[in-house]
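J.: Here it is, the structure, as structure tokens.
The values are calculated or read from the model by the stated rules, or taken from the named source; none is laboratory data. A quick note: this is a predicted structure, and the numbers were derived from the prediction, not measured. Ideal geometry is used to build each Cβ from the backbone, glycine not excepted, and the neighbour counts take in all protein chains shown. Calculation scope for accessible area: heavy atoms of the full protein, side chains included, ligands and nucleic acids excluded. Shrake-Rupley method; radii C 1.70, N 1.55, O 1.52, S 1.80 Å.
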Amino acid sequence: MSAHSHIDGELPHEPERATLEGRNKVLGFWLFLGGETVLFGTLFSVYLSLRGQVLDGPPAYELFKLWTVALATFLLLTSSLTSVFAVQALHRNNVKSLINWLIVTVFLGLCFLGLEIYEFIEYVKEGHKFTTSAFSTSFYTLVGFHGAHVAFGIIWISMLIAQVKRKGLTVVTAPKVYVASMYWHFIDVVWVFIFTVVYLMGKVG
Amino acid sequence: MADHHSTANERRRHKHEGPQKHIVSFIFSLLLTVIAFAVVAAGDVNKDFIYILLVTMAVGQVIIQMGFWMHMKDRGHLYPIIGILAGVFVVFTMVIMALYWVWW
């Protein structure tokens, strides 16, 4: 198989695009992200049409605290930068630096997830439960779906770290790292819209 | 021979830019985020103005993430752009429906 012909030799210049398999993986992942855009778009449109229906629960402007959202945004934005550094290390064929940057990315993702869990617990304490109102249900579905994507990304990248440690950088493992970093950037793009549309616009009213 | 080697190295370095450009993008992202949060925290500003500003900041961040960090600006990304734009088209249709049609 052509995909394995480089394993023992020197790694090509852009290893994620060196094989047809790698190029197809990247293109296929872009199309998957197009589908993910539609998935989150539907959740956003549901949230937008239901966000005023609060019943007896607390409304958005009373509930949201800007400092937790700002901290979460900073964590995720920084992790996006560290995954860029990971891909740059990949292009320099520096396995050690690649693994270190991926570990930093996973760590920042875990911090983000912890903050979100803390935030949800606080909301439930204030009477903002999943079944409280149409607003609360659409809120938890949208933000929770994003949190689930972050959790999936953390597991995925952790397993990639283990694989790269065992097998090193090859034309087979390089596209996987590249695609995982694309996924992580996309998660950050979705979060940009969540903090803009859900939190900041919710605070404005 | 050595001369030839160094020019090849330079070309290589030119193709894979260093971290500086990405740190600049990161600072721009932070700036857009800070502006968005600051305007909301300040309050007492015209609501429509805030909405338009927030959406503009978000679009700026998407351009940084997808254009620079996901390499969409680079050559050979026509199919990715078509794929994402198809998704964005569906999303626009649905959001406009949710905003202007459901609670008409």
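J.: 7 Å from Cα along Cα→Cβ at both A:Ser158 and A:Ile103: what's the point-to-point distance in nm?
T.: 1.5
J.: Considering protein heavy atoms only and a 1.4 Å probe radius, which residues within the stretch A:59-94 exhibit an accessible-area decrease of no less than 30 Å² in the full assembly relative to the chain by itself?
T.: At a threshold of 30 Å² (probe 1.4 Å), the residues of the stretch A:59-94 that become less exposed are A:Leu66, A:Phe74, A:Leu77, A:Leu81, A:Val84, A:Phe85, A:Gln88, A:His91.
J.: As a test of reading the structure, rank B:Ile82, A:Ile161 by solvent-accessible area (1.4 Å probe, protein chains only), most first. Can you show the working numbers first?
T.: Working: B:Ile82 90, A:Ile161 20 Å².
Descending order: B:Ile82, A:Ile161.
J.: Mind counting lysine pairs for me in the protein assembly as shown? Cα separation below 13 Å, and the two need to be 8 or more apart along the chain or on different chains.
T.: 6
J.: Treat each spin label as a single point 7 Å out from the Cα along the C-beta direction, and report the A:Leu115 to A:Arg23 distance in nm.
T.: Result for the modelled spin labels: 4.0 nm.
J.: On the full set of protein chains, 1.4 Å probe, figure out the accessible area of B:Met97 and give it in Å² to the nearest 10.
T.: Counting only protein heavy atoms, B:Met97 exposes about 70 Å² to solvent.
J.: If you take the accessible area of A alone, add that of B alone, and subtract the area of the pair, what total do you get in Å², probe 1.4 Å, to the nearest 100? Kindly include the intermediate steps, with their values, before the conclusion.
T.: Values: alone 10420 and 9210 Å², together 15600 Å².
Interface area, both chains combined: 4000 Å², rounded to the nearest 100.
J.: Using Cα-Cα distances under 8 Å and only pairs 6 or more residues apart, what relative contact order does chain A have, in percent?
T.: 37
J.: Plugging the Kirkwood radius over Cα pairs into Stokes-Einstein for the stretch A:52-138, at a temperature of 25 °C and a viscosity of 0.890 mPa s, what D comes out in µm²/s?
T.: My calculation gives 164 µm²/s for D.
J.: Right, another one. Quick check: net charge around A:Leu98, other residues with Cβ under 13 Å of its Cβ, Lys/Arg +1 and Asp/Glu -1?
T.: +4
J.: Work out the FRET efficiency for B:Val59 and A:Ala151 from their Cβ-Cβ distance, taking R0 = 25 Å, and round it to the nearest 0.05.
T.: For R0 = 25 Å, the calculated efficiency reads 0.35.
J.: Per residue, how much space in cubic angstrom lies within the convex hull of the C-alpha atoms of chain A?
T.: Cα convex hull per residue, to the nearest whole number: 108 Å³.
J.: To continue, here is another question. Probe 1.4 Å, all protein chains in place: accessible area of A:Leu27 in Å², nearest 10?
T.: 60
J.: Give the calculated FRET efficiency between A:Arg166 and A:Trp67 to the nearest 0.05, with a Förster radius of 51 Å applied to their Cβ-Cβ distance.
T.: The calculated FRET efficiency here is 0.80.
J.: Could you work out how far apart the two model spin labels at B:Val88 and A:Lys96 are, taking each label as a point 7 Å from the Cα in the direction of the beta carbon, and quote it in nm?
T.: The two pseudo-label positions are separated by 4.2 nm.
J.: Further, regarding this structure: Filter the GluC sites (Glu not before Pro) in the stretch A:87-184 to those in DSSP coil with at most 14 other Cβ atoms within 10 Å of their Cβ, and list the result.
T.: Working: sites: A:Glu116, A:Glu119, A:Glu122, A:Glu126; in loops: A:Glu126.
Here the GluC sites (Glu not before Pro) that fit, given the DSSP loop and packing criteria, are A:Glu126.
J.: Quick check: at a probe of 1.4 Å, how many percent of the accessible area of chain A sits on carbon and sulfur atoms?
T.: Whole-percent figure for carbon plus sulfur exposure: 67.
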